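*Asks:* Quick one: the structure is below, and I'll ask about it shortly.
The values are calculated or read from the model by the stated rules, or taken from the named source; none is laboratory data. Please read all numbers here as calculations on a predicted model, not as lab measurements. In this analysis, Cβ positions are derived from the backbone assuming ideal geometry, glycine residues included, and neighbour counts consider all displayed protein chains. Just so you know, the surface numbers come from the protein's heavy atoms only, side chains and all, with ligands and any DNA or RNA stripped out. Shrake-Rupley method; radii C 1.70, N 1.55, O 1.52, S 1.80 Å.
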Amino acid sequence: MIDFIAHNLAPIMFTSVMLMLLLGYPVAFTLAAGGLIYFAIGVELSAISPEIRLFWPLLQSHPDRIYGIMYNDTLLAIPFFTFMGLILERSRMAEDLLDTIGQLFGPIRGGLAYAVILVGALLGATTGVVAASVMAMGLISLPIMLRYNYNRPLVAGTIAASGTLAQIVPPSLVLIVMADQLGRSVGDMYVGALYPAILIVAAYCAYIFAVTMVKPNWAPALPLEARTLGSGVTSLIVMLAISVGLYFLGQQVLFTGIASPEWREVSALAFGVFAVYLVALANRTFGLNVISRLTQQVIIVLIPPLALIFLVLGTIFLGIATPTEGGAMGATGALIIAGLKGRLSFATVKHALDATTKLSAFVMMILIGARVFGLTFYGINGNVWIEELLTALPGGEYGFLIVVTIIVFILGCFLDFFEIAFIMVPLLAPVADKLGIDLVWFGVILGINLQTSFLTPPFGFSLFYLRSIAPAGRWKDQVTGKMMDGMKTLDIYKGVLPYIIIQFIMIMVVIAFPGLVMRYKGDAPTVDPAGVNIQIPGFGQGGGMSLPPLGSDGGNGSPNFGLPPLGGDNGAPAMGLPPLNLGGPQPAPAPAAPANPATDLSQPPVIK
């Protein structure tokens, strides 16, 4: 029995710790306790099994390993982006966006659903926090959509799925953690996830469009009396065209003196957007009526969050700022936006700081526990066991990706994405790397997979967030005064099923077409080996590598360094070497120095 435990300690440790996590024990303490307990067991069994490489002095490495976590600059982005998202949530940016975009898409069927999806993508690109996105949109859009007779499962599924876009839309916290655990650049992870995120948003919108075609009564258009901003889409198109024209004017004429192409691009873009924004502000302040009220509201509400997204992601993509610096600029920009809206108070900042500190401490504690667990697990060759188990799967890299997708999806129903990232990813990444899988591609696949697990009944976290704010019983609509039926849990489960199917399809698409992610590598310059021509100049031909013969003046007045010519014939020793003749013109031998009869070598030198 002891021999069996000693030779199978790695699977026993992994299984028991995962079982404790699934039972609901605190993650950080479970990982650390499991690591320490199995460390003591491993030291005692190390004499039996040569696979166990644990000894008591190894515990002294823990302080340095924990300090390495605190010294990790990449993880600084987590508190910055969390603080930015909480400030924007408190400034009621989501409410303004949903109201304005809902009015913009109101005349078409499913307009409110389109608005929820687009706002979910915008919130994901600014907040990066799933709980904040789901709860904010649920509180704001759910009563409105139920008021205008939207199908209840459709409402619940759209809100829950749109909130999880914060998992994959940069600057996602999931992508930051993935990049750190995979040892890859956060900027590369953001660029790699951009196209898959856009495809997921487009797939959600395509589903809503299909619903409006098949079941038009499930997602009706807003009635005329509910369109408080009126019409005026033509005015919006004109302002968009003016902004594009100003952008090209700035790029081709006004800012040509800027040497850096990145900064010239940024300056031209800022010029076009800022000019249109000033027109909208002047139209509202002075009542100019040069643009419609709808256009005015869309510009004033949309440009600040879009500018913030560019401040964060644009500077990262252009290489102007690192992700940590981008997060710091985003947090500062969120404070400025909230202040300009008059919604920044001491209570708001205090709440955001409290929540950010709690989340950061939560992440650090899990990381510390994972480090303690990892030292023991690697000491008992657990990484070798995982590698042998996964590399033996049929199908090569695609078989590995499919099996890992299933495992992570199941774990995602029970564990938070931080826990999966800190426990599973360090074990899976070496196997993926050995199979030749690009780790950024692998990280994006895992990110989409974790997004899917947030929606899966009965343990999907987004479902819990939505259930916590959706009315369970009958409630009174404050606008119409009507009594409305509550949202059933079964409605929430039914509503997310189509979105889960969409997510699985997107995972398969990203696996089948890795080029969607590999664009992060850019267009690296290629060199044709057949076109490489290396010429070595000849010696003694007057080239840069020609040296004068040792011990001669080279015929050009160069010094002889006091050495005799190699292989010379002027009475100097030839040292057994033939005269150097490399094909160039040979210099004349140096004349022998005349003997000095006054020098008597038998006497000491005379110092004058």
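*Asks:* In the list Lys494, Lys482, which residue meets the criterion of being touching a Pro at 6+ places or on another chain (Cβ under 9 Å), open to solvent by 60 Å² or more (accessible area, probe 1.4 Å) and over 30 Å from Met518 (Cα atoms)?
*Replies:* Lys494
*Asks:* Can you say whether Phe271 is within 30 Å of Tyr71 (Cα to Cα) and either under 23 Å from the mean Cα position of the chain (by Cα) or assigned to a helix (DSSP H, G or I) (or both), as far as the supplied structure shows?
*Replies:* Here the answer is no, as Phe271 does not meet what is asked.
*Asks:* Has segment 47-55 got any residue that is touching a residue at least 40 places away in the same chain (Cβ under 8 Å), out of contact with any strand residue (DSSP E or B) (no Cβ under 7 Å at 6 or more places or on another chain), surrounded by fewer than 18 Cβ atoms within 10 Å (Cβ to Cβ) and assigned to a loop (DSSP other than H, G, I, E, B)?
*Replies:* Yes: segment 47-55 contains one or more residues that are touching a residue at least 40 places away in the same chain (Cβ under 8 Å), out of contact with any strand residue (DSSP E or B) (no Cβ under 7 Å at 6 or more places or on another chain), surrounded by fewer than 18 Cβ atoms within 10 Å (Cβ to Cβ) and assigned to a loop (DSSP other than H, G, I, E, B).
*Asks:* The conditions are (1) open to solvent by 60 Å² or more (accessible area, probe 1.4 Å); (2) at pLDDT 90 or above; (3) not charged (D, E, K, R), and Ile500 fails exactly one of them. Which is it?
*Replies:* (1)
*Asks:* Residues in segment 3-24 that are over 22 Å from Leu58 (Cβ atoms) and exposed (fewer than 15 other Cβ atoms within 10 Å of the Cβ): how many?
*Replies:* Looking only at that region, the number is 7.
Yes or no, residue by residue, for (1) open to solvent by less than 10 Å² (accessible area, probe 1.4 Å); (2) under 22 Å from Leu76 (Cα atoms); (3) in a helix (DSSP H, G or I); (4) not small (Gly, Ala, Ser):
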residue	(1), (2), (3), (4)
Leu142	yes, no, yes, yes
Val155	yes, no, yes, yes
Thr158	yes, no, yes, yes
Thr164	yes, no, yes, yes
Pro171	yes, yes, no, yes
Val174	yes, yes, yes, yes
Ala193	yes, yes, yes, no
Ala197	yes, no, yes, no
Ile200	yes, no, yes, yes
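*Asks:* Residues to consider are Ile117, Ile101; find the one that is modelled with pLDDT of 80 or more, part of a helix (DSSP H, G or I), crowded, with 22+ Cβ neighbours inside 10 Å and touching a Ser or Thr at 6+ places or on another chain (Cβ under 9 Å).
*Replies:* Working: Ile101 fails: touching a Ser or Thr at 6+ places or on another chain (Cβ under 9 Å).
Only one candidate qualifies: Ile117.
*Asks:* Return the residue satisfying two criteria in turn: it lies in segment 67-90 and is hydroxyl-bearing (Ser, Thr, Tyr) and modelled with pLDDT of 80 or more, and of such residues it is surrounded by the fewest Cβ atoms within 10 Å (Cβ to Cβ).
*Replies:* Result: Tyr67.
*Asks:* Let me ask something else. Being aliphatic (A, V, I, L, M) and either in contact (Cβ under 8 Å) with a residue 24 or more places away in the chain or crowded, with 17+ Cβ neighbours inside 10 Å (or both) is true for just one of Leu236, Leu249. Which residue is that?
*Replies:* Unique residue meeting the criteria: Leu236.
*Asks:* Would you point out the residue of segment 212-233, among those that are among the aliphatic types (A, V, I, L, M) and surrounded by fewer than 18 Cβ atoms within 10 Å (Cβ to Cβ), that is farthest from Leu278 (Cα to Cα)? Lay out the reasoning, then the answer.
*Replies:* Residues of segment 212-233 among the aliphatic types (A, V, I, L, M): 213-214, 219, 221-222, 224, 226, 229, 233.
From what's left, surrounded by fewer than 18 Cβ atoms within 10 Å (Cβ to Cβ): 213-214, 224, 226, 233.
Details: Met213: 40, Val214: 43, Leu224: 30, Ala226: 28, Val233: 19 Å.
In this case the residue turns out to be Val214.
*Asks:* Among the residues of segment 398-414, how many are open to solvent by less than 50 Å² (accessible area, probe 1.4 Å) and either touching a Leu at 6+ places or on another chain (Cβ under 6 Å) or modelled with pLDDT of 80 or more (or both)?
*Replies:* Number of matching residues: 10.
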